[in-house]
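Chemist: Mind looking over this structure? Questions follow.
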Amino acid sequence: SSFQLLSPTNGYESSTIQKAHQSMFSVNESSLKVLNTRSQNLCHREVIDINAISKIAPALGSVYGYVDNSLTYFLNLSKKDVCTHSSSHIFENIKWENHRIQLERPIEINLNFAGDLWECSNEELDIFLVASDIEQLKKDFEEEFFVMWDVYSKESDDKLTEKARQIKYNILSFVKGVSVEDQN
C-alpha cells in the first residue's frame, strides 16, 4: 500500500478555508510576520521586535485573533501547540509622580499580547497587570511597584501573612534608595 501526504486542511471545503482567511487578506505580509504565532523564528525572545508589535497589534489584534483562533480550531491544534508572543521589559529605576526609586538591580517584567490587551507579570513581586497599550502597562507597573513599596515598607512584619512578608522582602531587596523631586 502507498501513503499519500495530505494537507492539514484537506478535509475542509475551500469556501470554509476562504472564510477563515477572509479577514487576513487586508493585512500586509510584514504585519503578519510580526504577529504570526506559528513562526518558529518569532517564538524566540531575541527575534521579537516589541516596538513593532506595540504599534500594530492594537489595530490588528482583533482581526488576527479571530483568524488565529479560527485556524487553531479548524486545524484541531491544542493550546500547547500554539506559541504565544512574549517578551520582557527591564526597569532600571521606578518613577511615580514626583518619586524616583533607585533600584539595587533591574526589575524584569514579562510581556504578552493576548486578544486586544497587553499583560505583564513578575512572579517575584506577585504582580500581574493588564492594559490596552504597552506604554500604559509600563506606567501601571511603576505605580503598582511604588504603591506596594510604600505600603509594605511601612507595615510591621507581625501584621503580614507569610506570603505578604515574602513580597515585602522581595520589594525591599530591589530598592537602593528613594528620592523626591521638587514639583516646582
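Chemist: So, Leu117, is that one modelled with pLDDT under 55 and either in the same structural domain as Glu135 (by TED's automatic domain parsing) or surrounded by fewer than 18 Cβ atoms within 10 Å (Cβ to Cβ) (or both) or not? If you could, list the steps in order and put the result at the bottom.
Modeler: Numbers: modelled with pLDDT under 55: no; either in the same structural domain as Glu135 (by TED's automatic domain parsing) or surrounded by fewer than 18 Cβ atoms within 10 Å (Cβ to Cβ) (or both): yes.
Criteria not met by Leu117.
Chemist: Of the residues Asp133, Asp157, only one is farther than 15 Å from His89 by Cβ and either out of contact with any Phe, Trp or Tyr (no Cβ under 8 Å at 6 or more places or on another chain) or not small (Gly, Ala, Ser) (or both); which?
Modeler: Values: Asp133 fails: farther than 15 Å from His89 by Cβ.
That would be Asp157, the only listed residue that is farther than 15 Å from His89 by Cβ and either out of contact with any Phe, Trp or Tyr (no Cβ under 8 Å at 6 or more places or on another chain) or not small (Gly, Ala, Ser) (or both).
Chemist: Let me ask another. Restricted to segment 92-112, and to residues that are polar (S, T, N, Q) and surrounded by 14 or more Cβ atoms within 10 Å (Cβ to Cβ), which residue is nearest to Lys139 (Cα to Cα)?
Modeler: Taking segment 92-112 first, the residues polar (S, T, N, Q) are 93, 98, 102, 110, 112.
Next, from what is left, pick out any that are surrounded by 14 or more Cβ atoms within 10 Å (Cβ to Cβ): 93, 110, 112.
Working: Asn93: 12, Asn110: 15, Asn112: 16 Å.
Per the criteria, the residue is Asn93.
Chemist: In segment 140-184, what residues are aromatic (Phe, Trp, Tyr) and within 24 Å of the chain's Cα centre (by Cα)? Before the answer, list the steps.
Modeler: First, the residues of segment 140-184 that are aromatic (Phe, Trp, Tyr): 141, 145-146, 149, 152, 169, 174.
Of everything in segment 140-184, those that are aromatic (Phe, Trp, Tyr) and within 24 Å of the chain's Cα centre (by Cα) turn out to be Phe141, Phe145, Phe146, Trp149, Phe174.
Chemist: I would also like to ask the following. Being in contact with a Pro (Cβ under 7 Å, 6 or more places away or on another chain), of a type outside the set (D, E, K, R) and outside any helix (DSSP H, G or I) narrows it down to one of Ile90, Ile107, Ile94, Ile101, so name that one. Can you show your working first?
Modeler: Working: Ile107 fails: in contact with a Pro (Cβ under 7 Å, 6 or more places away or on another chain); Ile94 fails: in contact with a Pro (Cβ under 7 Å, 6 or more places away or on another chain); Ile101 fails: in contact with a Pro (Cβ under 7 Å, 6 or more places away or on another chain).
That would be Ile90, the only listed residue that is in contact with a Pro (Cβ under 7 Å, 6 or more places away or on another chain), of a type outside the set (D, E, K, R) and outside any helix (DSSP H, G or I).
Chemist: Looking at the structure I just gave you, is Phe128 more than 18 Å from Phe91 (Cα to Cα), assigned by TED's automatic domain parsing to the domain that holds Ile94 and in a strand (DSSP E or B)?
Modeler: On the way: more than 18 Å from Phe91 (Cα to Cα): no; assigned by TED's automatic domain parsing to the domain that holds Ile94: yes; in a strand (DSSP E or B): yes.
In short, no.
Chemist: Which one of these does Trp149 not meet: (1) part of a helix (DSSP H, G or I); (2) among the aromatic types (Phe, Trp, Tyr); (3) surrounded by fewer than 16 Cβ atoms within 10 Å (Cβ to Cβ)?
Modeler: The single condition Trp149 does not satisfy is (3).
The values are calculated or read from the model by the stated rules, or taken from the named source; none is laboratory data. All of these numbers come straight from a predicted model, not from anything done at the bench. Backbone-built Cβ (ideal geometry, glycine too); neighbour counts: all protein chains shown.
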